[in-house]
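Below: one structure, written as structure tokens.
Any read-out appearing in this document is the output of simple, stated calculations on the displayed coordinates, not a laboratory observation. This one's a predicted model, so the numbers in the text were calculated from it and none came from an experiment. Cβ atoms come from the backbone with ideal geometry, glycine included; neighbour counts cover every protein chain shown.
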Amino acid sequence: MRSFLVSNWSSWLLPSLVLLITLGAGWLARRVAFAALRQRAARTRTRVDDIFIYALHGPLMLWFLILGLHLAAQFSQLPQRIANSIDKILLVLWIISLTVVVARLAGSLIRRFGQQLQSALPVTSLTENLARLGVVLVGLLVLLNVLGVSVTPILTALGVGGLAVALALQDTLSNLFAGFYVSLAGQVRIGDYVRLESGEEGYVDDISWRCTVLRSLPNNLIIVPNAKLAQAIVTNYHLPEKRMALLLPISVSDQSDPEQLERILIEEAKEGARVIPGLLAEPAPVVRFIPGFGDSSLDFTLICQVREFGDQYLVQHELRKRVLKRFQREGIQMPEAIPTTRLRRPVRSHPTEVRAKAA
């Protein structure tokens, strides 16, 4: 009995030592390698190395554990059939973990560097998930090949059941393909300020497989299905460029000098461009006598340029204050309010009263 226990214990000693040595070597290698990579990453401006460090830090020890179990199985006295089964299970685990890591890397790299590539897909949740899905499909095909599963019958079954799935997921697929269309068209991009014909407006925060998320100016989220967005009439205030014209209507008394008023407005707009955030000096501001003559007023429109849609509110606020103070210094009067006269509707007599008076 004692000799059996000793022989049984000794048979597991070598595999255990191999496993512990492999894990120790892996831990030491990871510590040294990642310390060198972090020092190198601190000296570079690119974030590619940071992304790789973050993605590989955890799975690397798992891979050393898989390697250690594989070597331990090879040095053990297990039957060859069991050892082969263990190796196949470990290979499956390694393929799955590698697929997850590569999919995470693909999404992170696209999110970080996709906008820097010319003629590339816009960086949205849809494109990130599409990249991850492509990696997962490749990993799945490799896994099926390792397990000896034929892919052809699976593809045939998917082709037969594709019609039923398409009918059951009609709305979902409609939003999915509409999301592809919106992303590829490039007419609605992340960060653009858009307004739909139904009245919803805001900055495009994300385009996912189902919906487009708008962030309104009050910082609320508006969820728009991709199919609705693809069919809607959309005004994009960031295309063809973010710069846009701001029309500021100003009315003064009809006794004012139009030449003096035009000079004052242009001067205040040019001076304001130096101190008001979002107000541009170029193109130069202009004044137009539009709509023209009002009731006891002269109506002008100051046309200036702002950096983007969201800047117009602060620019209007500051410009109105500057113009009002200048008007007060120059003695320019605001149009007087026209008194309104309320007319009483004549009281109509009832027909019976009219006949009584006539009698």
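Taking the Cβ-Cβ separation of R38 and K88 as r and a Förster radius of 35 Å, what is the calculated FRET efficiency to the nearest 0.05? Provide the component values of the computation, followed by the final result.
Values: r = 36 Å, r/R0 = 1.03.
Result of the calculation: an efficiency of 0.45.
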* **Binned Cα-Cα distances of region 244-330, short to long, each 5 Å bin given as a whole percent** => 3, 15, 28, 25, 17, 9, 3, 0
* Would you work out if region 174-236 is rounded, prolate or oblate? Take a ≥ b ≥ c from the square roots of the eigenvalues of the alpha-carbon gyration tensor; rounded if a/c is under 1.5, else prolate when a/b is larger than b/c, oblate otherwise. => prolate
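Can you tell me which of 173-186, 74-87, 52-65 comes out highest on packing, and rank the rest after it, using the mean Cβ neighbours within 10 Å?
Details: 173-186: 17.0, 74-87: 12.9, 52-65: 15.3.
The most tightly packed comes first, giving 173-186, 52-65, 74-87.
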* Structure fact -> If the chain between S253 and R288 were fully extended at 0.36 nm per residue, the gain over the current Cα-Cα distance would be 11.0 nm
* List the aspartates and glutamates whose alpha-carbon lies under 15 Å from that of K242, not counting same-chain residues fewer than 8 positions away? -> D192, E282, E308, D311
* List every residue whose amide H lies under 5 Å from the amide H of D192, counting only residues 5 or more places away in sequence or on a different chain, with H placed 1.01 Å from N in the peptide plane. => V204
* Asked: For W12 and K228 in one chain, what is 0.36 nm times their gap in residues minus the Cα-Cα distance, to one decimal in nm?
  -> 71.3 nm
* Can you pull the one-decimal nm distance between simple spin-label points at E267 and I96, each 7 Å off the Cα toward Cβ? => 7.8
